[in-house]
Amino acid sequence: MTELGETRAQRRELEHLSPFELKNRLIQRAGEHERTARHDRRQADTMLNAGRGNPNWTALPPREAFFLLGRFAVAEAREDWNEWPALGGMPRADGIAERFELYLDQNAGEPGADLLRRIVRTVPEAQADAVVHELVDGIIGDNYPVPDRMLPFCERAVGEYVARAMGGKAPKGGYDLFATEGGTAAMCYVFDSLQANRVLRRGDRIALMTPIFTPYLEIPRLERYGFDVTEVSASRGTENGFHTWAYDDAEIDKLADPSIRLLCLVNPSNPPSVRLSDRALERIAGIVENHNRDLVIVTDDVYGTFADGFTSLMEAAPHNTIGVYSFSKYFGATGWRLGVIALNPDNTVDEQIARLGAEDARALEERYSSITTDVPGLGFIDRMVADSRAVALNHTAGLSTPQQVQMALFALFDMVSGEVEYRRPTKEILSRRLAALSEGLGVDLPDDPLRAGYYVELDLLHWIGRKWGEDFARWLQAQYEPVDPVLRLAEEDGVVVLNGGGFDGPEWSVRVSLANLDHAAYGRIGRALRTICEEYHRRYTGGAPAS
């Protein structure tokens, strides 16, 4: 075990960084480890970055369909206007479905053709020209998004997919959707518009279900919000020696306080990667119904597709819940920046806006009067669209149409392909990697029906206490900082993981992404973690000075 360059005070300062900012330093150290190993002519360990959730798989058929559809769209544009070789026109709607069927016949063996044919055959004949034209014109990208919130067929397709993925039901008439630049933009738009519309005000009390994705911890602290945060903490109690990350009734019951205006959660959680139990869903829904009827819930359900039997609060408490979903993880599409905000047409946010006092109502009338003559009738979902472009640019709002088409193709692929073709393999990938990590650690992780397994949060101090005793665990806490293991892993083994304390998890925990490295890498990560802990124990038993 080498001596790290920082003092203990400097390591304590590093713990105040966002784990995603600390990650950059860890990557630098891991890269130095790799270069040093090569220079010394040792067998060089390639740097392993398990600190980010970017998956290393991609959904192929919907991408193949996208590019094949694009070729047809270009041909349609050239057919409309071919006066000059490099200039085309705009695809025409009349008869386009028939021309597309012929195109698919001519390219029957091409990758993506079968998926496109299956998709088109789900469309009623009377709507075929309109739907095919929306996809073709959308992929060409020659028009502003109309409607700006989301293209009609894309909204229906994505809405049906989201309803299935989030538990199988949807409100009558479906969800209202706003297509966004990934879940990241969705988070920003929701916070901004809730405040702009006086549903939330600076200094209001909000609740976070922790551990949680770090930005949900950091955004409320920004000066413009200054929220008073109540944490609803997952239990660190154990079953078979491991944390369950379940929520005790007493924690959930904090939400019954009507002064709490907003609840934010990631479900399944990040980093524990465990979905809410049916009991927890029912208890939250009961609190909303009986004690805190104005509570606004923002549920970030990006990992829901990896959990068996998943049900979202969008289904359990539909009137109060704003859903955030991203396509990035499940479809391997982080670079596409595809996300949606989903809202029940009958929702508490619209009700609370309607109840605002005269002064607030006048302020909102002034804010939105340039885009509608009926500001009171402007729903919150459309206010978010306007706010996303500072209201004045509402006429050019909306996610780019090629992005919307790819989003719809992802959604439709999942719905027409079934469980075996895609969903089961993604779960199997994660399961195998978790098993490899467990084997490397020398620990048998118990089965958990609530586990999504996209990440795993390992409480090193708890494991150390069970393995070597609480006296050693207390010594470790006294001699080292919680960030020390992740720094050593990067510097000594070229392995990058994130500190779990940065997600408001146990200070001595580490978050390992199971999504972005090959299977064999997780065995090495497990062995490296075990070796670090064994080195600490050797120092403890040998009386070596701490560093």
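A few comments on the model shown:
- Whole-percent carbon and sulfur share, accessible surface of region 286-394, 1.4 Å: 47 percent
- Neighbour count of at most 13 Cβ within 10 Å plus DSSP loop: longest GluC sites (Glu not before Pro)-free window in the chain: 224-547
- Simple Cβ-charge dipole of the chain, Lys/Arg +1 and Asp/Glu -1, about Cα centre, in debye nearest 20: 1320 debye
- Given charges at beta-carbon only (K, R positive; D, E negative), |dipole| of region 224-347 in Debye: 500 debye
- Dividing the helix sum by the residues of the chain, where each DSSP H run of 4 or more adds -39500 (n - 2.57), gives a mean residue ellipticity at 222 nm of -14000 deg cm²/dmol.
- Taking the charge dipole of the chain about its Cα centre, with +1 at Lys and Arg Cβ atoms and -1 at Asp and Glu Cβ atoms, the residue from 406, 429, 418 reaching farthest to the positive side is 429.
- For trypsin sites (Lys or Arg not before Pro), the sites in region 144-194 that DSSP calls loop and that have at most 10 other Cβ atoms within 10 Å are 172.
- Modelled FRET efficiency - R0 45 Å, residue 535 with residue 114, Cβ distances, 0.05 increments: 0.25
- Local electrostatic count, residue 335, Cβ distance below 12 Å [Lys/Arg +1, Asp/Glu -1]: +1
- Cleavage-rule hits, trypsin sites (Lys or Arg not before Pro), region 302-363, DSSP coil, Cβ neighbours within 10 Å at most 13: 355
- Once the C-beta distance of residue 294 and residue 447 is scaled by a Förster radius of 35 Å, the resulting FRET efficiency is 0.35 to the nearest 0.05.
- Simple spin-label estimate for residue 93 and residue 67 gives 3.1 nm between the two label positions (7 Å along the Cα-to-Cβ direction from each Cα).
- Take residue 90: with every protein chain present and a 1.4 Å probe, its accessible area is about 90 Å².
- Lys/Arg +1, Asp/Glu -1 at C-beta; region 279-363 dipole; positive extreme among 296, 345, 335: 335
- For residue 330, no residue 5 or more places off, or on another chain, has a built amide H under 5 Å of its own.
- The mean sequence distance of close C-alpha pairs (under 8 Å, at least 6 residues apart), as a share of the length of the chain, puts its relative contact order at 23 percent.
- Rounded percent of accessible protein surface that carbon and sulfur make up, region 401-547, 1.4 Å probe: 46 percent
- Between residue 421 and residue 192, the simple label model (points 7 Å from Cα in the Cβ direction) yields a spacing of 3.7 nm.
- Solvent exposure ordering (accessible area, 1.4 Å, most first) of 279, 389: 279, 389
- In nm, spacing of pseudo-spin labels at residue 218 and residue 372 (7 Å Cα→C-beta vector): 3.4 nm
- Per-pair calculated FRET efficiency, R0 = 60 Å: residue 471 and residue 122 via Cβ, rounded to 0.05: 0.40
- Cα gyration tensor shape of region 105-159, rounded if a/c is under 1.5, else prolate or oblate by comparing a/b with b/c: prolate
- Cβ-based net charge around residue 536, under 12 Å, with every Lys or Arg adding one and every Asp or Glu removing one: +2
- Net length gained if the chain between residue 363 and residue 231 were fully extended (0.36 nm per residue, minus Cα distance): 44.3 nm
- Its relative contact order, with pairs defined as Cα atoms under 8 Å and 6+ residues apart, puts region 280-349 at 30 percent.
The values are calculated or read from the model by the stated rules, or taken from the named source; none is laboratory data. Keep in mind the model is a prediction, meaning the values are calculated, not measured. Neighbour counts run over all protein chains shown; Cβ positions are idealised from the backbone, glycine included. Areas reflect the complete protein model, heavy atoms only, side chains present, ligands, DNA and RNA absent. Shrake-Rupley method; radii C 1.70, N 1.55, O 1.52, S 1.80 Å.
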